[in-house]
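Report on the following structure.
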Amino acid sequence: MDNTTTVERRGITSSVFSKKQGIFTLTESLEMKPRSRLSDVEKIQLFQRKLYLKAKQQKQFRFYVLYDKVCMGRFLQEAYRRVRQNGGAAGVDGVTFERIEQEGVEEFLAELQKELVEGTYRPLPVLRVLIPKANGKMRPLGIPTIRDRVAQMSCLMVLSPIFEADFEDCSYGFRPKRSAKDAVSEIKGLLREGSTEVYDADLSNYFDSIPHDKLMILVERRVSDTRVLQLIRMWLKAPVKDNGRISGGKSRKQGTPQGGVISPLLANIYLHLVDGIVCKAEGYFAKAGIRIVRYADDFVLLGKKIPAEALHRLQTVLNRMGLTLNGEKSRLLSATKEPFDFLGFTFRYDVSIHHWRYRYWNVFPSKKSVARLRAKLREYFRVNHPTRTPDLIAGINRMTRGWMNYYHIGGVTYIRRACEGMQYYLHGKFRRHYRRQSQRGCKLYRQYGYDGLVKRFKLLDPVEYCMRLKAVNA
(Lines give C-alpha, C1' and ligand atoms only; values in the text may rest on other atoms or scores of the structure.)
Protein backbone atom coordinates (compact mmCIF):
# COMPACT_ATOMS: atom_id res chain seq x y z
CA MET A 1 0.00 0.00 0.00
CA ASP A 2 1.35 3.44 -0.93
CA ASN A 3 2.06 6.06 1.69
CA THR A 4 -0.96 8.04 0.57
CA THR A 5 -4.18 6.70 -0.90
CA THR A 6 -7.18 8.80 -1.90
CA VAL A 7 -10.77 7.57 -1.72
CA GLU A 8 -13.69 9.33 -3.36
CA ARG A 9 -16.87 9.36 -1.28
CA ARG A 10 -19.94 11.28 -2.42
CA GLY A 11 -17.90 13.99 -4.01
CA ILE A 12 -15.65 14.52 -0.95
CA THR A 13 -12.03 13.38 -0.99
CA SER A 14 -10.64 11.69 2.13
CA SER A 15 -6.93 10.95 2.53
CA VAL A 16 -5.48 7.89 4.23
CA PHE A 17 -1.98 8.33 5.63
CA SER A 18 0.46 5.52 6.30
CA LYS A 19 1.25 4.15 9.74
CA LYS A 20 4.73 5.68 9.49
CA GLN A 21 3.15 9.12 9.57
CA GLY A 22 1.06 8.14 12.56
CA ILE A 23 -2.06 9.85 11.17
CA PHE A 24 -5.17 8.05 9.97
CA THR A 25 -8.24 9.67 8.40
CA LEU A 26 -10.02 6.34 7.89
CA THR A 27 -9.57 3.32 10.15
CA GLU A 28 -9.01 -0.17 8.74
CA SER A 29 -12.28 -1.34 10.27
CA LEU A 30 -14.22 1.23 8.24
CA GLU A 31 -12.18 1.43 5.01
CA MET A 32 -10.47 -1.89 4.34
CA LYS A 33 -13.50 -4.16 4.75
CA PRO A 34 -16.02 -4.77 1.95
CA ARG A 35 -18.57 -2.04 1.35
CA SER A 36 -21.27 -2.12 4.00
CA ARG A 37 -24.98 -1.80 3.38
CA LEU A 38 -25.27 0.63 6.27
CA SER A 39 -25.95 4.27 5.47
CA ASP A 40 -23.45 6.93 6.49
CA VAL A 41 -25.68 8.00 9.40
CA GLU A 42 -25.94 4.40 10.61
CA LYS A 43 -22.16 4.00 10.39
CA ILE A 44 -21.70 7.12 12.50
CA GLN A 45 -24.20 5.86 15.08
CA LEU A 46 -22.46 2.47 15.20
CA PHE A 47 -19.09 4.15 15.73
CA GLN A 48 -20.53 6.38 18.47
CA ARG A 49 -21.98 3.32 20.16
CA LYS A 50 -18.56 1.65 20.16
CA LEU A 51 -16.97 4.76 21.65
CA TYR A 52 -19.62 4.92 24.37
CA LEU A 53 -19.23 1.24 25.34
CA LYS A 54 -15.44 1.52 25.40
CA ALA A 55 -15.61 4.61 27.63
CA LYS A 56 -18.22 3.00 29.88
CA GLN A 57 -16.22 -0.18 30.37
CA GLN A 58 -12.83 1.48 30.91
CA LYS A 59 -13.20 4.59 33.05
CA GLN A 60 -9.52 5.52 32.83
CA PHE A 61 -9.04 4.92 29.11
CA ARG A 62 -7.75 7.88 27.04
CA PHE A 63 -8.78 7.94 23.39
CA TYR A 64 -5.81 8.63 21.15
CA VAL A 65 -7.01 8.29 17.49
CA LEU A 66 -10.00 10.60 16.97
CA TYR A 67 -8.91 13.39 14.64
CA ASP A 68 -9.29 11.26 11.52
CA LYS A 69 -12.99 10.79 12.34
CA VAL A 70 -13.49 14.54 12.71
CA CYS A 71 -12.06 14.99 9.19
CA MET A 72 -13.98 12.11 7.65
CA GLY A 73 -16.37 12.96 4.83
CA ARG A 74 -19.43 11.27 6.31
CA PHE A 75 -18.94 13.06 9.64
CA LEU A 76 -18.65 16.44 7.93
CA GLN A 77 -21.73 15.77 5.80
CA GLU A 78 -23.80 14.81 8.84
CA ALA A 79 -22.38 17.78 10.76
CA TYR A 80 -23.50 20.16 8.02
CA ARG A 81 -26.97 18.60 7.98
CA ARG A 82 -27.34 19.11 11.73
CA VAL A 83 -26.03 22.67 11.64
CA ARG A 84 -28.35 23.45 8.74
CA GLN A 85 -31.28 21.99 10.67
CA ASN A 86 -30.49 24.18 13.68
CA GLY A 87 -30.41 27.27 11.47
CA GLY A 88 -28.86 30.44 12.80
CA ALA A 89 -27.37 33.61 11.39
CA ALA A 90 -24.13 34.04 9.48
CA GLY A 91 -20.87 34.79 11.30
CA VAL A 92 -18.29 37.49 10.73
CA ASP A 93 -17.68 36.36 7.12
CA GLY A 94 -21.33 36.94 6.20
CA VAL A 95 -21.62 33.49 4.55
CA THR A 96 -25.18 32.13 4.79
CA PHE A 97 -26.58 28.65 4.19
CA GLU A 98 -28.25 29.91 1.02
CA ARG A 99 -24.93 31.08 -0.37
CA ILE A 100 -23.22 27.78 0.51
CA GLU A 101 -25.95 25.76 -1.19
CA GLN A 102 -25.88 28.02 -4.21
CA GLU A 103 -22.12 27.60 -4.65
CA GLY A 104 -22.18 23.90 -3.74
CA VAL A 105 -22.24 22.11 -0.39
CA GLU A 106 -19.80 19.42 -1.55
CA GLU A 107 -17.22 22.02 -2.54
CA PHE A 108 -17.69 23.78 0.80
CA LEU A 109 -17.17 20.56 2.76
CA ALA A 110 -14.25 19.45 0.59
CA GLU A 111 -12.44 22.73 1.26
CA LEU A 112 -13.08 22.45 5.01
CA GLN A 113 -11.92 18.84 5.00
CA LYS A 114 -8.74 19.78 3.15
CA GLU A 115 -7.90 22.44 5.75
CA LEU A 116 -8.52 20.01 8.60
CA VAL A 117 -6.46 17.20 7.07
CA GLU A 118 -3.53 19.46 6.11
CA GLY A 119 -3.57 21.24 9.47
CA THR A 120 -4.19 24.69 7.98
CA TYR A 121 -7.63 25.13 9.56
CA ARG A 122 -7.95 28.23 11.76
CA PRO A 123 -11.27 29.42 13.22
CA LEU A 124 -12.50 32.89 12.30
CA PRO A 125 -13.46 35.43 15.00
CA VAL A 126 -16.75 34.92 16.82
CA LEU A 127 -19.44 37.52 16.18
CA ARG A 128 -20.81 38.83 19.49
CA VAL A 129 -24.44 39.93 19.68
CA LEU A 130 -26.53 40.92 22.70
CA ILE A 131 -29.95 39.42 23.32
CA PRO A 132 -32.37 40.71 26.00
CA LYS A 133 -32.87 38.68 29.18
CA ALA A 134 -36.08 38.43 31.19
CA ASN A 135 -34.73 40.80 33.86
CA GLY A 136 -34.06 43.55 31.31
CA LYS A 137 -30.31 42.93 31.09
CA MET A 138 -28.48 41.75 27.99
CA ARG A 139 -26.94 38.32 27.45
CA PRO A 140 -23.80 38.13 25.23
CA LEU A 141 -24.11 35.48 22.53
CA GLY A 142 -21.21 34.37 20.35
CA ILE A 143 -21.98 33.32 16.77
CA PRO A 144 -19.19 31.37 15.00
CA THR A 145 -19.18 31.17 11.22
CA ILE A 146 -21.04 28.29 9.56
CA ARG A 147 -17.66 26.80 8.57
CA ASP A 148 -16.57 26.75 12.22
CA ARG A 149 -19.94 25.46 13.39
CA VAL A 150 -19.68 22.48 11.02
CA ALA A 151 -16.16 21.68 12.27
CA GLN A 152 -17.35 21.94 15.88
CA MET A 153 -20.35 19.71 15.18
CA SER A 154 -18.13 17.04 13.62
CA CYS A 155 -15.88 17.17 16.69
CA LEU A 156 -18.92 17.09 18.97
CA MET A 157 -20.22 13.91 17.33
CA VAL A 158 -16.90 12.21 18.10
CA LEU A 159 -16.39 13.49 21.65
CA SER A 160 -19.95 13.42 22.98
CA PRO A 161 -20.26 9.58 23.37
CA ILE A 162 -16.98 9.48 25.31
CA PHE A 163 -18.03 11.99 27.94
CA GLU A 164 -21.64 10.80 27.99
CA ALA A 165 -20.34 7.58 29.48
CA ASP A 166 -18.99 9.58 32.45
CA PHE A 167 -21.80 12.07 33.10
CA GLU A 168 -24.06 11.56 36.11
CA ASP A 169 -27.80 10.85 35.85
CA CYS A 170 -28.55 14.13 37.65
CA SER A 171 -27.44 16.17 34.60
CA TYR A 172 -30.11 16.88 31.98
CA GLY A 173 -28.99 19.87 29.90
CA PHE A 174 -27.76 19.50 26.31
CA ARG A 175 -27.58 15.72 26.46
CA PRO A 176 -29.07 13.16 24.05
CA LYS A 177 -32.43 11.67 25.07
CA ARG A 178 -32.64 14.07 28.04
CA SER A 179 -34.54 17.33 28.39
CA ALA A 180 -35.85 19.94 30.77
CA LYS A 181 -39.00 17.83 31.16
CA ASP A 182 -36.94 15.01 32.67
CA ALA A 183 -35.33 17.43 35.13
CA VAL A 184 -38.73 18.81 36.19
CA SER A 185 -40.11 15.30 36.64
CA GLU A 186 -37.10 14.36 38.78
CA ILE A 187 -37.53 17.40 41.02
CA LYS A 188 -41.22 16.69 41.58
CA GLY A 189 -40.39 13.07 42.44
CA LEU A 190 -37.82 14.18 45.04
CA LEU A 191 -40.28 16.66 46.55
CA ARG A 192 -42.87 13.90 46.90
CA GLU A 193 -40.26 11.74 48.65
CA GLY A 194 -39.79 14.44 51.30
CA SER A 195 -36.74 16.33 50.02
CA THR A 196 -38.48 19.64 50.55
CA GLU A 197 -35.56 21.83 51.57
CA VAL A 198 -34.21 23.40 48.39
CA TYR A 199 -31.12 25.41 47.57
CA ASP A 200 -31.80 27.23 44.31
CA ALA A 201 -28.33 28.04 42.92
CA ASP A 202 -27.43 30.48 40.19
CA LEU A 203 -23.93 30.84 38.74
CA SER A 204 -22.74 34.29 37.65
CA ASN A 205 -21.67 34.45 33.99
CA TYR A 206 -20.83 30.76 33.91
CA PHE A 207 -19.95 30.42 30.21
CA ASP A 208 -17.67 33.47 30.40
CA SER A 209 -15.96 32.24 33.60
CA ILE A 210 -14.77 28.74 32.68
CA PRO A 211 -10.94 28.67 33.08
CA HIS A 212 -9.31 27.21 29.98
CA ASP A 213 -6.44 25.49 31.78
CA LYS A 214 -8.68 23.65 34.27
CA LEU A 215 -11.19 22.72 31.57
CA MET A 216 -8.49 21.24 29.34
CA ILE A 217 -7.20 19.13 32.22
CA LEU A 218 -10.64 17.51 32.42
CA VAL A 219 -10.82 17.01 28.65
CA GLU A 220 -7.35 15.44 28.61
CA ARG A 221 -8.46 12.85 31.16
CA ARG A 222 -10.34 11.16 28.32
CA VAL A 223 -8.69 12.45 25.15
CA SER A 224 -4.98 12.24 24.31
CA ASP A 225 -5.24 13.00 20.58
CA THR A 226 -3.17 16.18 20.39
CA ARG A 227 -4.80 17.41 17.17
CA VAL A 228 -8.30 17.23 18.69
CA LEU A 229 -7.06 19.02 21.80
CA GLN A 230 -5.50 21.70 19.60
CA LEU A 231 -8.84 22.18 17.83
CA ILE A 232 -10.60 22.76 21.15
CA ARG A 233 -7.93 25.22 22.29
CA MET A 234 -8.29 27.19 19.05
CA TRP A 235 -12.07 27.44 19.49
CA LEU A 236 -11.69 28.53 23.11
CA LYS A 237 -9.23 31.25 22.17
CA ALA A 238 -10.97 32.42 19.01
CA PRO A 239 -11.08 36.25 18.87
CA VAL A 240 -14.37 38.05 19.43
CA LYS A 241 -15.72 40.74 17.11
CA ASP A 242 -17.91 43.22 18.98
CA ASN A 243 -19.14 46.46 17.36
CA GLY A 244 -16.48 46.20 14.68
CA ARG A 245 -13.62 45.71 17.16
CA ILE A 246 -11.73 42.42 17.48
CA SER A 247 -10.46 41.43 20.91
CA GLY A 248 -9.30 38.34 22.77
CA GLY A 249 -7.38 35.68 20.92
CA LYS A 250 -4.41 33.91 22.50
CA SER A 251 -4.57 36.21 25.52
CA ARG A 252 -7.93 34.79 26.58
CA LYS A 253 -7.65 32.62 29.67
CA GLN A 254 -11.30 31.86 30.37
CA GLY A 255 -14.74 31.62 28.81
CA THR A 256 -16.33 29.65 25.99
CA PRO A 257 -18.67 31.36 23.48
CA GLN A 258 -22.29 30.93 24.53
CA GLY A 259 -23.65 30.03 21.13
CA GLY A 260 -20.85 27.78 19.91
CA VAL A 261 -21.84 24.24 18.93
CA ILE A 262 -19.30 22.56 21.21
CA SER A 263 -19.73 25.00 24.13
CA PRO A 264 -22.59 23.06 25.86
CA LEU A 265 -20.47 19.89 25.95
CA LEU A 266 -17.49 21.76 27.39
CA ALA A 267 -19.78 23.41 29.96
CA ASN A 268 -21.13 20.00 31.02
CA ILE A 269 -17.62 18.56 31.24
CA TYR A 270 -16.57 21.29 33.66
CA LEU A 271 -19.67 21.18 35.89
CA HIS A 272 -19.44 17.38 35.95
CA LEU A 273 -16.98 17.97 38.81
CA VAL A 274 -19.82 19.36 40.94
CA ASP A 275 -22.13 16.49 39.94
CA GLY A 276 -19.51 13.92 40.90
CA ILE A 277 -18.87 15.47 44.32
CA VAL A 278 -22.56 15.70 45.23
CA CYS A 279 -23.44 12.24 43.85
CA LYS A 280 -20.41 10.40 45.27
CA ALA A 281 -21.80 7.44 47.18
CA GLU A 282 -19.50 7.78 50.20
CA GLY A 283 -19.29 11.57 50.05
CA TYR A 284 -20.61 14.17 52.46
CA PHE A 285 -23.63 15.18 50.36
CA ALA A 286 -24.83 11.62 49.79
CA LYS A 287 -24.54 10.80 53.48
CA ALA A 288 -26.56 13.94 54.27
CA GLY A 289 -29.27 12.81 51.84
CA ILE A 290 -28.71 15.77 49.50
CA ARG A 291 -29.43 15.36 45.79
CA ILE A 292 -28.64 17.61 42.85
CA VAL A 293 -30.63 18.21 39.65
CA ARG A 294 -28.74 20.22 37.03
CA TYR A 295 -29.65 21.60 33.63
CA ALA A 296 -26.57 23.22 32.06
CA ASP A 297 -25.49 25.95 34.53
CA ASP A 298 -28.79 25.95 36.48
CA PHE A 299 -29.05 23.51 39.36
CA VAL A 300 -30.85 22.90 42.64
CA LEU A 301 -29.90 20.92 45.72
CA LEU A 302 -32.71 19.06 47.45
CA GLY A 303 -32.80 17.27 50.79
CA LYS A 304 -34.86 16.81 53.92
CA LYS A 305 -32.37 19.13 55.58
CA ILE A 306 -29.58 21.11 53.95
CA PRO A 307 -27.13 22.20 56.67
CA ALA A 308 -24.93 25.27 56.42
CA GLU A 309 -21.90 22.96 56.16
CA ALA A 310 -23.21 21.64 52.83
CA LEU A 311 -23.52 25.14 51.38
CA HIS A 312 -20.04 25.99 52.64
CA ARG A 313 -18.58 22.92 50.95
CA LEU A 314 -20.38 23.76 47.71
CA GLN A 315 -19.04 27.31 47.84
CA THR A 316 -15.51 25.99 48.43
CA VAL A 317 -15.72 23.65 45.43
CA LEU A 318 -16.99 26.42 43.15
CA ASN A 319 -14.29 28.82 44.34
CA ARG A 320 -11.59 26.28 43.51
CA MET A 321 -13.13 25.90 40.06
CA GLY A 322 -13.04 29.66 39.53
CA LEU A 323 -16.84 30.01 39.56
CA THR A 324 -19.04 32.39 41.55
CA LEU A 325 -22.55 32.02 42.91
CA ASN A 326 -24.97 34.88 42.32
CA GLY A 327 -25.81 35.96 45.88
CA GLU A 328 -28.96 37.79 44.79
CA LYS A 329 -30.55 34.85 42.99
CA SER A 330 -29.21 31.88 44.99
CA ARG A 331 -31.32 31.11 48.08
CA LEU A 332 -32.17 28.38 50.58
CA LEU A 333 -35.89 27.76 51.13
CA SER A 334 -38.46 25.34 52.41
CA ALA A 335 -40.60 24.32 49.43
CA THR A 336 -43.56 23.51 51.68
CA LYS A 337 -43.73 27.16 52.75
CA GLU A 338 -42.74 29.10 49.63
CA PRO A 339 -42.67 28.29 45.90
CA PHE A 340 -39.58 28.34 43.70
CA ASP A 341 -38.95 28.55 39.95
CA PHE A 342 -36.72 26.32 37.84
CA LEU A 343 -36.44 26.16 34.04
CA GLY A 344 -39.56 28.29 33.61
CA PHE A 345 -41.70 26.13 35.93
CA THR A 346 -43.07 27.06 39.35
CA PHE A 347 -43.11 24.38 42.07
CA ARG A 348 -45.67 25.05 44.80
CA TYR A 349 -47.20 23.03 47.64
CA ASP A 350 -50.91 23.72 47.16
CA VAL A 351 -54.10 22.99 49.06
CA SER A 352 -56.52 20.81 47.15
CA ILE A 353 -59.78 22.38 45.98
CA HIS A 354 -61.55 19.17 46.98
CA HIS A 355 -60.49 19.05 50.63
CA TRP A 356 -58.59 21.53 52.75
CA ARG A 357 -56.59 18.80 54.51
CA TYR A 358 -55.14 17.40 51.30
CA ARG A 359 -52.08 19.09 49.80
CA TYR A 360 -50.18 18.27 46.65
CA TRP A 361 -47.18 19.43 44.59
CA ASN A 362 -48.39 21.70 41.84
CA VAL A 363 -46.06 22.36 38.91
CA PHE A 364 -47.12 24.95 36.35
CA PRO A 365 -45.65 27.63 34.01
CA SER A 366 -44.08 30.48 35.95
CA LYS A 367 -45.37 34.05 35.70
CA LYS A 368 -42.18 35.08 33.89
CA SER A 369 -42.66 32.43 31.23
CA VAL A 370 -46.27 33.49 30.66
CA ALA A 371 -45.19 37.14 30.48
CA ARG A 372 -42.48 36.27 27.91
CA LEU A 373 -45.01 34.46 25.71
CA ARG A 374 -47.40 37.42 25.84
CA ALA A 375 -44.57 39.79 24.97
CA LYS A 376 -43.70 37.66 21.92
CA LEU A 377 -47.35 37.56 20.83
CA ARG A 378 -47.69 41.31 21.32
CA GLU A 379 -44.62 41.96 19.18
CA TYR A 380 -45.81 39.49 16.57
CA PHE A 381 -49.18 41.27 16.25
CA ARG A 382 -47.40 44.62 15.97
CA VAL A 383 -44.99 43.53 13.25
CA ASN A 384 -47.61 41.57 11.29
CA HIS A 385 -50.37 44.19 11.36
CA PRO A 386 -51.05 44.07 7.57
CA THR A 387 -50.51 40.28 7.23
CA ARG A 388 -53.26 38.11 5.77
CA THR A 389 -55.31 36.26 8.37
CA PRO A 390 -54.22 32.68 7.42
CA ASP A 391 -50.53 33.65 7.57
CA LEU A 392 -51.04 35.60 10.80
CA ILE A 393 -52.73 32.65 12.47
CA ALA A 394 -50.09 30.18 11.24
CA GLY A 395 -47.37 32.13 13.08
CA ILE A 396 -49.43 32.40 16.26
CA ASN A 397 -50.14 28.66 16.18
CA ARG A 398 -46.41 27.89 15.98
CA MET A 399 -45.67 29.98 19.07
CA THR A 400 -48.54 28.77 21.23
CA ARG A 401 -48.18 25.12 20.23
CA GLY A 402 -44.45 25.11 21.00
CA TRP A 403 -45.04 26.82 24.34
CA MET A 404 -47.73 24.35 25.44
CA ASN A 405 -45.75 21.32 24.26
CA TYR A 406 -42.80 22.46 26.39
CA TYR A 407 -44.80 23.05 29.56
CA HIS A 408 -47.07 20.04 29.32
CA ILE A 409 -45.61 16.98 31.06
CA GLY A 410 -48.12 14.20 31.50
CA GLY A 411 -48.79 13.45 35.15
CA VAL A 412 -46.34 16.14 36.28
CA THR A 413 -47.50 19.63 35.29
CA TYR A 414 -50.83 21.45 35.23
CA ILE A 415 -51.20 24.03 32.45
CA ARG A 416 -54.98 24.34 32.15
CA ARG A 417 -55.14 27.64 34.03
CA ALA A 418 -52.28 29.11 32.00
CA CYS A 419 -54.03 28.03 28.79
CA GLU A 420 -57.27 29.69 29.91
CA GLY A 421 -55.33 32.90 30.51
CA MET A 422 -53.73 32.60 27.06
CA GLN A 423 -57.14 32.08 25.47
CA TYR A 424 -58.49 35.20 27.15
CA TYR A 425 -55.41 37.15 26.04
CA LEU A 426 -55.81 36.05 22.40
CA HIS A 427 -59.49 37.05 22.49
CA GLY A 428 -58.49 40.60 23.36
CA LYS A 429 -55.53 40.75 20.98
CA PHE A 430 -57.53 39.64 17.96
CA ARG A 431 -60.35 42.06 18.78
CA ARG A 432 -57.93 44.99 19.03
CA HIS A 433 -55.96 43.82 16.00
CA TYR A 434 -58.97 43.83 13.70
CA ARG A 435 -60.37 46.99 15.20
CA ARG A 436 -57.25 48.79 13.99
CA GLN A 437 -57.85 47.56 10.44
CA SER A 438 -60.65 50.10 9.99
CA GLN A 439 -62.35 52.86 11.99
CA ARG A 440 -65.64 50.96 11.63
CA GLY A 441 -64.10 47.69 12.65
CA CYS A 442 -63.17 44.70 10.57
CA LYS A 443 -66.07 42.86 8.91
CA LEU A 444 -64.22 39.54 9.18
CA TYR A 445 -63.95 39.65 12.95
CA ARG A 446 -67.50 41.00 13.37
CA GLN A 447 -68.76 38.13 11.26
CA TYR A 448 -66.73 35.26 12.72
CA GLY A 449 -65.30 36.37 16.07
CA TYR A 450 -62.75 34.28 17.98
CA ASP A 451 -64.71 31.02 17.61
CA GLY A 452 -64.97 31.64 13.88
CA LEU A 453 -61.20 32.07 13.61
CA VAL A 454 -60.81 28.72 15.38
CA LYS A 455 -63.26 26.90 13.08
CA ARG A 456 -62.70 28.67 9.75
CA PHE A 457 -59.00 29.62 9.89
CA LYS A 458 -57.77 26.81 12.16
CA LEU A 459 -56.63 29.06 15.00
CA LEU A 460 -55.24 26.83 17.75
CA ASP A 461 -57.43 27.25 20.80
CA PRO A 462 -55.19 26.87 23.89
CA VAL A 463 -57.83 25.28 26.13
CA GLU A 464 -58.93 22.79 23.49
CA TYR A 465 -55.30 21.88 22.69
CA CYS A 466 -54.59 21.47 26.41
CA MET A 467 -57.43 18.97 26.72
CA ARG A 468 -56.11 17.02 23.72
CA LEU A 469 -52.66 16.83 25.30
CA LYS A 470 -54.21 15.61 28.52
CA ALA A 471 -56.22 12.95 26.67
CA VAL A 472 -53.14 11.66 24.84
CA ASN A 473 -51.24 11.23 28.13
CA ALA A 474 -54.21 9.80 30.04
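The values are calculated or read from the model by the stated rules, or taken from the named source; none is laboratory data. These numbers were taken from a predicted model, which means no experiment stands behind them. Here the Cβ is made from the backbone with ideal geometry for all residues, glycine too, and neighbour counts use every protein chain on show. To get the accessible areas, we keep the full protein, side chains included, count just its heavy atoms, and leave off ligands, DNA and RNA. Shrake-Rupley method; radii C 1.70, N 1.55, O 1.52, S 1.80 Å.
Structure data summary
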| quantity | calculated |
| --- | --- |
| Gained length - residue 86 relative to residue 39, 0.36 nm times residue gap less alpha-carbon distance | 14.7 nm |
| Residue-by-residue Karplus 3J(HN,Hα) for region 373-380, coefficients 6.51, -1.76, 1.60, Hz, glycine and proline x | 5, 5, 5, 5, 5, 4, 5, 5 |
| Assigned charges on the beta-carbon of Lys, Arg, Asp, Glu; region 85-199 dipole about Cα centre (debye) | 640 debye |
| Rounded accessible area per residue of the chain, 1.4 Å, Å² | 54 Å² |
| Extension gain from residue 202 to residue 64, taking 0.36 nm per residue of separation minus the Cα-Cα distance | 46.1 nm |
| Gap separating the Cα centres of region 190-253 and region 65-111, nearest whole Å | 24 Å |
| Cα-based reach from residue 429 at 20 Å (exclusive), listing lysines while leaving out same-chain residues under 8 positions away | 367, 368, 376, 443, 455, 458 |
| Pairwise label distance in nanometres, residue 416 with residue 254, each label 7 Å out on the Cα-Cβ vector | 4.9 nm |
| Phi-based couplings in Hz for region 400-415 (Karplus 6.51, -1.76, 1.60; Gly and Pro marked x) | 6, 5, x, 5, 5, 5, 5, 8, 8, 10, x, x, 10, 10, 10, 10 |
| Separation of the residue 338 and residue 375 label points, Cα + 7 Å toward Cβ, nm | 2.4 nm |
| Amide H contacts under 5 Å for residue 223, placed H, 5+ residues apart | 63 |
| Modelled FRET efficiency - R0 45 Å, residue 436 with residue 348, Cβ distances, 0.05 increments | 0.70 |
| Förster radius 35 Å - calculated FRET efficiency between residue 111 and residue 394, Cβ distance, rounded to 0.05 | 0.35 |
| Sequence-distant residues sharing a close amide H with residue 296 (under 5 Å, placed H) | 172, 173 |
| Gyration tensor (alpha-carbon) shape descriptor, region 87-131, a/c threshold 1.5 | oblate |
| Whole-number Å³ per residue for the convex hull built on Cα positions in region 341-474 | 123 Å³ |
| Reachable lysines from residue 177, criterion Cα separation under 24 angstrom, eight or more residues apart if same chain | 43, 50, 54, 56, 59, 69, 188, 280, 470 |
| Sites residue 174 and residue 355 - FRET efficiency at Förster radius 35 Å, r taken between beta-carbons, to 0.05 | 0.25 |
| Prolate/oblate/rounded call for region 283-343, Cα gyration tensor, a/c under 1.5 rounded | oblate |
| Estimated D of the chain in µm² per second, where Rh is the Kirkwood radius over Cα pairs and Stokes-Einstein applies at 37 °C, 0.692 mPa s | 128 µm²/s |
| Dipole magnitude (debye, nearest 20) for the chain, charges at Cβ of Lys, Arg, Asp, Glu | 1780 debye |
| Residue 295 accessible area, assembled protein chains, probe 1.4 Å, Å² | 60 Å² |
| Inter-site label distance for residue 220 and residue 308 at 7 Å from Cα along Cβ, in nm | 4.0 nm |
| Rounded if a/c under 1.5, otherwise prolate or oblate - region 82-174, Cα gyration tensor axes | oblate |
| Rounded to the nearest 10 Å², the accessible area of residue 321 at probe 1.4 Å | 10 Å² |
| Whole-percent carbon and sulfur share, accessible surface of the chain, 1.4 Å | 50 percent |
| Normalised contact order of the chain, rounded percent, pairs of Cα under 8 Å and 6 or more residues apart | 13 percent |
| Amide proton proximity set for residue 139, modelled H, under 5 Å, gap of 5+ | 131, 133 |
